[in-house]
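See structure below.
The values are calculated or read from the model by the stated rules, or taken from the named source; none is laboratory data. On a predicted model such as this, the values are computed, not experimentally measured, just so you know. Cβ sites come from the backbone with ideal geometry, for glycine too, and all protein chains shown count toward neighbours.
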Amino acid sequence: MERLTVVLEESIMQKGRPATAGSGMLENFIAPVDAAVVTSLNKAGAEIAGRAKMDEFGISGLFNSAATITETVRLVADGTAEIALCNDYTGAVSTSAAERGLYYIRPTYGTVSRYGLIPSVPSMDQIGIICRDISKGFNALAIIAGYDPKDGVMLPDSPVKEKAREDREIVITPIEPEYSEIYTRVMQILCCAELANSISRYDGIKFGYRAKDYKNLDELYKKSRGEAFGPDVKLAALIGAMVLSQENYSRYYEKAMRLRKIIKDTMDFSKYDVIRVINHQLSRLCGLPSVTTPEFTYIANAGCEAVLRSAIEESSL
C-alpha cells in the first residue's frame, strides 16, 4: 500500500504533543498517550505530517450553518497532506470539505476506536477522513478501523476491511427523508446535552486551565470556565444544563432521544443499497457510514462501508 501523508486535528492525541481540542481550557495539555488511530497509522508506515487547528471542541456548525474552512480542510486542499483525520460531529467539516472539492468519509459508529480522542459528543464522536482521492481515503479507513477494547462502543468485527461483492448491482436512490425539518433541533439538543456533560470535568482543579485570582471555590469555577471557554461552548453548556435539568429532561432531552430513534427507523435499507441526500446530519444521528462529496452525501446501512465505497468509485463522482 502506498505510504499516506496524514495530518491530525488537535483533538487526536499524540504522545508528548499538545492536544488542545481548540480550547483555551486545554492550552497547556500535553497528550500522555497515542490515540489508537495514531498507533495504527504508525504500524502501517504512514507519515504523520503535523497537527491542524480546529474550532473549540469541534462545535462549529452547531449554531451557525455557514461552513468555515478549517485547517484540516485547507491542508488537504493545498496538497500538504493526502489525508486529514478529525471528529466532525456537526457536519461543518464535511460541508467545508465539499465546498473545496474534497471528500469526507464518516465510518459506522463503533468501527474506529476513539481511544485518545478528546471527547465532545460521545454518541456522535467518530473519527472521520478528509481526502482528495476517495480510494486513498478508504485505504486510510481500512488502516484505522478495527476492534479496540479500550473503546466501550466498538463493534466486535470490522466490516470496513471487507470488499463489496463484485457481481452485485448497487442501486443509489435519491430520497427526501422524513422528519428532515427537525434534524437541526434534535442535533442541537443532543449535542448541547452531551457536550455540557463532557466539559463538566474542566473545573479549574483537576483538569484544564485555572484562573489566577479567585476568593473561593465558586469563584474559581466561574472564572476558570469564563476565561477559558469560548462563546459557543458557553452557550452549548447553558443549553445542555437546561435540557438535562429535572424540570426539562422529559420535555427536551428524552423527547429528542425518542425522535432520534424514529428518524433511524425510517431508514429502510431493505429497499436500497445506498441513499443519496443533501442533509449531512442524518448519518450522524443514526450512526451510519456516509461519504460527503462536492454534490451530495451518500449513506449506507451500518457496516456497509464496502458497498458505499463501490458505489462512490463506480459513480466516478
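Closer than 16 Å to residue 174 by Cα and in the same structural domain as residue 128 (by TED's automatic domain parsing): is that true of residue 285 in this structure? It is false that residue 285 is closer than 16 Å to residue 174 by Cα and in the same structural domain as residue 128 (by TED's automatic domain parsing).
The condition of being closer than 17 Å to residue 121 by Cβ and either assigned to a helix (DSSP H, G or I) or aliphatic (A, V, I, L, M) (or both) holds for only one of 237, 306, that being 237. Of the residues 268, 203, 218, 213, which single one is of a type outside the set (Phe, Trp, Tyr), under 30 Å from residue 107 (Cα atoms) and out of contact with any Cys (no Cβ under 6 Å at 6 or more places or on another chain)? One residue alone meets the criteria, 268. Take residue 299 and decide whether it is buried (at least 18 other Cβ atoms within 10 Å of the Cβ), free of Cβ contacts under 8 Å to residues at least 60 places away in the same chain and either in contact with a Phe, Trp or Tyr (Cβ under 6 Å, 6 or more places away or on another chain) or outside any loop (DSSP other than H, G, I, E, B) (or both). Judged against the criteria, residue 299 is a match.
Among 310, 283, which is under 16 Å from residue 187 (Cβ atoms) and touching a residue at least 24 places away in the same chain (Cβ under 8 Å)?
Exactly one residue qualifies, and that residue is 283.
Quick check on residue 77: is it at pLDDT below 95, closer than 19 Å to residue 130 by Cβ and over 16 Å from the mean Cα position of the chain (by Cα)? Answer is no for this residue. Could you tell me whether any residue of region 209-224 is within 22 Å of the chain's Cα centre (by Cα) and farther than 18 Å from residue 61 by Cα? No, because not a single residue in region 209-224 is within 22 Å of the chain's Cα centre (by Cα) and farther than 18 Å from residue 61 by Cα. Within region 240-253, the set of residues being assigned to a helix (DSSP H, G or I) and exposed (fewer than 12 other Cβ atoms within 10 Å of the Cβ) comprises 250, 251. Looking at the structure I just gave you, is residue 39 assigned to a helix (DSSP H, G or I), without any contact (Cβ under 8 Å) to a residue 40 or more places away in the chain and of a type in the set (Ser, Thr, Tyr)? For residue 39, the condition - assigned to a helix (DSSP H, G or I), without any contact (Cβ under 8 Å) to a residue 40 or more places away in the chain and of a type in the set (Ser, Thr, Tyr) - is met. Within the bounds of region 112-126, is there any residue that is assigned to a strand (DSSP E or B), in contact with a Cys (Cβ under 8 Å, 6 or more places away or on another chain), farther than 13 Å from residue 82 by Cα and of a type outside the set (Lys, Arg)? No; the residues of region 112-126 include none that is assigned to a strand (DSSP E or B), in contact with a Cys (Cβ under 8 Å, 6 or more places away or on another chain), farther than 13 Å from residue 82 by Cα and of a type outside the set (Lys, Arg). Search region 88-140 for residues being of a type in the set (Phe, Trp, Tyr) and under 12 Å from the mean Cα position of the chain (by Cα), and hand back the single one that is farthest from residue 187 (Cα to Cα). The residue in question is 104. Can you find, within region 274-317, the residue that is nearest to residue 134 (Cα to Cα) among those that are of a type in the set (Asp, Glu) and modelled with pLDDT under 85? Across region 274-317, the extreme among qualifying residues is 313. Do we have any residue at all in region 196-204 that's under 20 Å from residue 19 (Cα atoms), among the acidic types (Asp, Glu) and modelled with pLDDT under 95? Checked against the condition, which is being under 20 Å from residue 19 (Cα atoms), among the acidic types (Asp, Glu) and modelled with pLDDT under 95, region 196-204 yields at least one hit.
Within region 74-101, being over 14 Å from residue 10 (Cβ atoms), surrounded by 24 or more Cβ atoms within 10 Å (Cβ to Cβ) and of a type in the set (S, T, N, Q) holds for 90, 94, 96.
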